[in-house]
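The next block holds one structure in the form of structure tokens; read it before the comments.
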């Protein structure tokens, strides 16, 4: 039904078009981020060569090769975008800025909020509302790049996260901001099936950040919400990301429908328009 996924961070330097432009303005030793702002290190530029972790790269070549809207890996003597086709979908790591946590884009759809907030700050805000304490059992549904799982782990939560798409986790293996997933238990499987195997009244916190309704309607269903209610302890907290509040599609209010179904299965529900989601407590 599912298996434990072993996350392995590739720990390669990653660069963007904006970063290469920045480097082109300086010479000698330059302090830069080769991890999209996760940390900083020094590189050396001499004439048109830059020396990065023991390898040399031609700056003119990088300027002609690296395009906007992509993150590139510097993999020894190879330079390539972190992007690929799998089946009918195109996956890529999409840079928000040269020094911010990126999002993942699937066939042109960004999987995180990127307007007026970066994905890491957004995840931090979602997790903050749940008031996680050390030792809390946390269920994170839809791992993605792992930002909510990692933020919960940093607060002392014992985190189990579920992801159905192995390709997303492969993209995450290149992302420095995802590197702490190595310390978190990841289940590779369909959350609607995995949750049926989880124990009753066990989790203190659930973070549910599914894809949009049109792509994963089963994760918005009353049946699935009943399972969330079952596995959560009495007094346990849930945050459900719904997207833009008041968004109408085929005359359906997404956020309102979520709140209604959560209430019907037993949750006490609070709309969190500031976080584009719903906060709920098991009564």
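The values are calculated or read from the model by the stated rules, or taken from the named source; none is laboratory data. Predicted model only: the values in this text are computed from it and were never measured. Heads up, the Cβs are rebuilt from the backbone with ideal geometry, glycines too, and the neighbour counts pull from every protein chain shown.
Structural remarks
- For residue 94, the stated conditions do not hold, so it cannot be described as within 22 Å of the chain's Cα centre (by Cα), surrounded by fewer than 14 Cβ atoms within 10 Å (Cβ to Cβ), under 24 Å from residue 112 (Cβ atoms) and free of Cβ contacts under 8 Å to residues at least 40 places away in the same chain.
- In the set (1) more than 30 Å from residue 35 (Cβ to Cβ); (2) part of a strand (DSSP E or B), the condition left unmet by residue 207 is number (1).
- Lone unmet requirement of (1) closer than 27 Å to residue 114 by Cβ; (2) touching a strand residue (DSSP E or B) at 6+ places or on another chain (Cβ under 9 Å); (3) modelled with pLDDT of 95 or more; (4) part of a helix (DSSP H, G or I) for residue 218: (2)
- Residue in the range 63-78 that is crowded, with 18+ Cβ neighbours inside 10 Å, modelled with pLDDT of 95 or more, in contact with a helix residue (DSSP H, G or I) (Cβ under 6 Å, 6 or more places away or on another chain) and within 18 Å of residue 144 (Cα to Cα) present: no
- Hey, residue 42 modelled with pLDDT of 95 or more and assigned to a loop (DSSP other than H, G, I, E, B) or not: no
- Some residue of the range 230-248 being modelled with pLDDT of 95 or more, over 17 Å from residue 159 (Cα atoms), exposed (fewer than 15 other Cβ atoms within 10 Å of the Cβ) and under 21 Å from the mean Cα position of the chain (by Cα): no
- Of the numbered criteria (1) over 24 Å from residue 128 (Cα atoms); (2) out of contact with any helix residue (DSSP H, G or I) (no Cβ under 9 Å at 6 or more places or on another chain); (3) outside any loop (DSSP other than H, G, I, E, B), the one residue 223 fails is (2).
- Search result, residues across the range 90-109 that are in contact with a helix residue (DSSP H, G or I) (Cβ under 7 Å, 6 or more places away or on another chain) and not in a loop (DSSP other than H, G, I, E, B): 91, 93, 103, 104
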